[in-house]
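The structure under discussion appears below in the form of structure tokens.
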Amino acid sequence: MAELKLSESRDLTRIERIGAHSHIRGLGLDSTLEPRAVSEGMVGQTSARKAAGVILQMIKEGKIAGRAVLLAGQPGTGKTAIAMGIAKSLGQETPFAMIAGSELFSLEMSKTEALMQAFRKAIGVRIKEETEVIEGEVVEVQIDRPAVSGAASKTGKLTLKTTEMETVYDLGAKMIEALGKEKVQSGDVIAIDKASGKITKLGRSFSRSRDYDAMGPQTKFLQCPDGELQKRKEVVHCVTLHEIDVINSRTQGFLALFTGDTGEIRAEVREQIDTKVAEWREEGKAEIVPGVLFIDENEMSPILVVATNRGITTIRGTNYKSPHGIPIDLLDRLLIISTQPYSEDEIRKILDIRCQEEDVEMSEEAKVLLTKIGVETSLRYAIHLITAAALACQKRKGKIVEMEDISRVYQLFLDVKRSTQYLMEYQNQYMFNEVPTGEGDDDESTAMLS
């Protein structure tokens, strides 16, 4: 490996979408680490969030090394939400890798390799390099479109200025496309990487702050850049060790990150990468960014944050029983945070947040019914019904989800308890049925239903 290859893949791999925990923005703590009742998408679990806040401070101060955290609680008590809140509070550049413990037993690669990849996904490298950029305030964007479509490619001119100079640049088709993608307009302050042609919109100029009556809270105002338009500037890229591993072990480079099938990576490649990163650290070109590795459904593994909803159960691969199915000697080395079931009021507040996140308008009566379903079944099941009820509402050409929509999807989709009851009633009609049918099995059947 003559030269270590890098790729700025953070923007490509971190895609925002509406998911089960996309409404989480942080832990919802104030400056004294006291949890707010409802904040940053978090509701309830005040004691667990306060403990997670202490863990967060330990991570920021680099004092978490050699320690691990266990989130223990019943299903649907916010364990994953707390782990996600920790990751969000650490910032965008902090790697957050998540894997279910059961995945390690279903992957084609060895368990050791799967864990190694998970660990290296949770270790970031902040790489600093100097590059030539053109930075200035956009005075005018002029695009010349051909009269006949397809006759010729578009051309244009871009006028940029600083406090000391103003220059007009000729634009090719690719630059015009990049400007359109970033929605660049006059008054924006932009930076253009000369090597790659990447355009970054830095914000709006203060001189153009009165152009619109209203602007979003994300709009950032800047002074017009001073000095010359073209300058050398330090650029920071943040990638994970696993991404560097994949880029340097596959012929297709960073495109291998999109295939999903990264396969096993040779130890020699990792050794070379670790050596190179260590050199960069000594030269001041790179910093290590310790992240969070969250393993759900956990019953092994000394990592940073693990979660379990298991009680006293058998340790996998042995005949011994232990709390949470975790060996006692490992359990003794964990900082354990316990979560409690949500109250009816907290479930209602979480459902309100999820309706807002999924852009679903729901009547008060429907929310009351959905909250009751969440109390009697599970919070996860109630959240699943929100989008399904919205689709049922669209089907009847309604605008607001009503009780009839909730009732309809409740009948269509079974919760775990009703599904188990159905299986118990018709168990003889299923293949590979392993439930015994003796007289002394009533207790076992009752336990499954509960």
remark   = Exactly one of 74, 92 is polar (S, T, N, Q), over 26 Å from residue 332 (Cβ atoms) and either open to solvent by 10 Å² or more (accessible area, probe 1.4 Å) or modelled with pLDDT of 80 or more (or both), and that residue is 92
query = Does residue 338 satisfy the condition of being of a type in the set (Gly, Ala, Ser) and touching a helix residue (DSSP H, G or I) at 6+ places or on another chain (Cβ under 7 Å)?
reply = yes
Within the range 310-323, considering residues that are touching a strand residue (DSSP E or B) at 6+ places or on another chain (Cβ under 9 Å) and of a type in the set (Ser, Thr, Tyr), the one least open to solvent (accessible area, probe 1.4 Å) = 322
Criterion violated by residue 414 - all others in (1) closer than 23 Å to residue 344 by Cα; (2) outside any loop (DSSP other than H, G, I, E, B) satisfied = (2)
remark   = The condition from (1) buried (at least 17 other Cβ atoms within 10 Å of the Cβ); (2) not in a loop (DSSP other than H, G, I, E, B) that residue 345 misses is numbered (1)
Given (1) open to solvent by 70 Å² or more (accessible area, probe 1.4 Å); (2) modelled with pLDDT of 85 or more; (3) in a helix (DSSP H, G or I), number of the condition residue 428 does not satisfy = (2)
note = Going through the range 324-342 in order, the residues found to be open to solvent by less than 50 Å² (accessible area, probe 1.4 Å) and within 20 Å of residue 79 (Cα to Cα) are 324, 325, 326, 330, 331, 334, 337, 339, 342
ask   = Within the range 187-197, can you find the residues that are open to solvent by 40 Å² or more (accessible area, probe 1.4 Å), more than 11 Å from residue 134 (Cβ to Cβ) and touching a residue at least 12 places away in the same chain (Cβ under 8 Å)?
value = 195
message = I need the full set of residues from the range 348-400 which are among the acidic types (Asp, Glu), more than 23 Å from residue 36 (Cα to Cα) and in a helix (DSSP H, G or I), in order please.
response = 364, 365, 376
key: Unique match (being at pLDDT 75 or above, open to solvent by 10 Å² or more (accessible area, probe 1.4 Å) and not in a loop (DSSP other than H, G, I, E, B)) among 307, 278   = 278
message = So, residue 143, is that one modelled with pLDDT under 85, β-branched (Val, Ile, Thr) and open to solvent by less than 50 Å² (accessible area, probe 1.4 Å) or not?
response = yes
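The values are calculated or read from the model by the stated rules, or taken from the named source; none is laboratory data. Note that the coordinates shown come from a computational prediction; the quantities given were computed from them, not determined experimentally. Cβ coordinates were reconstructed from backbone atoms using ideal geometry, including for glycine residues, and neighbour counts include every protein chain displayed. SASA here: full protein model, heavy atoms, side chains in, ligands and nucleic acids out. Shrake-Rupley method; radii C 1.70, N 1.55, O 1.52, S 1.80 Å.
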